[in-house]
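See below for the structure under consideration.
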């Protein structure tokens with residue numbers, strides 16, 4: 001069974017092979033990441049159409065006799081101050097992904113980190129008080145470089161305050177972690193309770 005090192009402590013933590021042994025499915029992970037990123041869009045962009053702009057309905061000049069081209073409504077999109085043609089309106093960008101597919105994509109993302117040895121566990125109880133230096137020392141034990149994702153749970157505020165000030169380190173609650181976050185991180189660090197909850201969410205059970 002795969003295992004991950006413990007950063008703030010000794011030994012390793014055993015990973016559930018049913019979750020962290022999943023084969024990587026690139027199209028499925030791409031679909032899940034695209035759906036997550038789309039769901040995060042607020043979709044509040046809005047423009048005024050020619051029927052919504054505040055514009056006089058009077059003709060700019062009379063139809064004939066001026067020597068100029070005939071002018072209709074001044075609210076047309078090709079005029080300054082006119083409405084926008086085919087502009088954005090408030091909408092939802094949500095894309096549906098089946099629950100089983102989403103869980104499989106989550107397992108694939110976790111397995112990718114486990115296979116790259118870019119996954120580690122941390123004992124958040126070691127942080128009796130916020131200490132950025134202790135957090136930096138813990139991350140120095142994890143090889144590689146690139147952005148780091150730290151996943152924690154409620155009650156681990158000292159660890160949150162310790163990691164959140166480090167450059168290129170993102171700290172998220174386990175319930176807020178998505179597949180897009182995992183794929184964007186070069187290294188992932190989880191507290192043991194967060195690891196248990198994420199494993200359960202992905203469709204497996206942890207084994208100690």
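Bear in mind that the values in this text are calculations on the coordinates, not laboratory data. It should be emphasised that the depicted structure is a prediction, and the values quoted were computed from it without experimental measurement. As a convention, Cβ positions derive from the backbone with ideal geometry for all residues, glycine included, and neighbour counts pool all protein chains shown.
Just a few scattered comments:
- Longest to shortest principal axis, alpha-carbon extents of the range 1-62, angstrom: 86, 30, 13
- Once the Cα-Cα distance is subtracted from the 0.36 nm per residue extended length, the residue 59 to residue 157 segment shows a gain of 28.7 nm.
- Mean Cβ neighbour count within 10 Å, used as a protection proxy, ranking 156-166, 70-80 highest first: 156-166, 70-80
- Whole-angstrom gap from the range 17-43 to the range 156-173, using each part's C-alpha centre: 24
- Largest first, the extents of the alpha carbon coordinates of the range 124-208 on the three principal axes equal 35, 27, 23 Å.
- Label-point separation in nm, residue 129 to residue 200, each point 7 Å along Cα→Cβ: 3.4
- Computed packing ranks the peptides 111-120, 134-143, 41-50 as 111-120, 134-143, 41-50, most packed first, by mean other Cβ atoms within 10 Å.
- Per-residue ellipticity at 222 nm from helix content only, as computed over the chain with -39500 (n - 2.57) for each DSSP H run of at least four residues, stands at -9500 deg cm²/dmol.
- Between residue 168 and residue 28, the modelled label-to-label distance comes to 3.1 nm, taking each label 7 Å out from Cα in the direction of the beta carbon.
- Cα long-axis angle, helix 192-202 against the chain (0 to 90 degrees, to the nearest 10): 60
- Computed over the alpha-carbon pairs of the chain, the distance histogram in 5 Å steps reads 1, 7, 13, 15, 13, 10, 7, 5, 4, 4, 4, 5, 4, 3, 2, 2, 1, 0, 0 percent, short to long.
- The range 165-202 residues near the modelled residue 136 label - backbone nitrogen below 15 Å, point 7 Å along Cα→Cβ: 165-169
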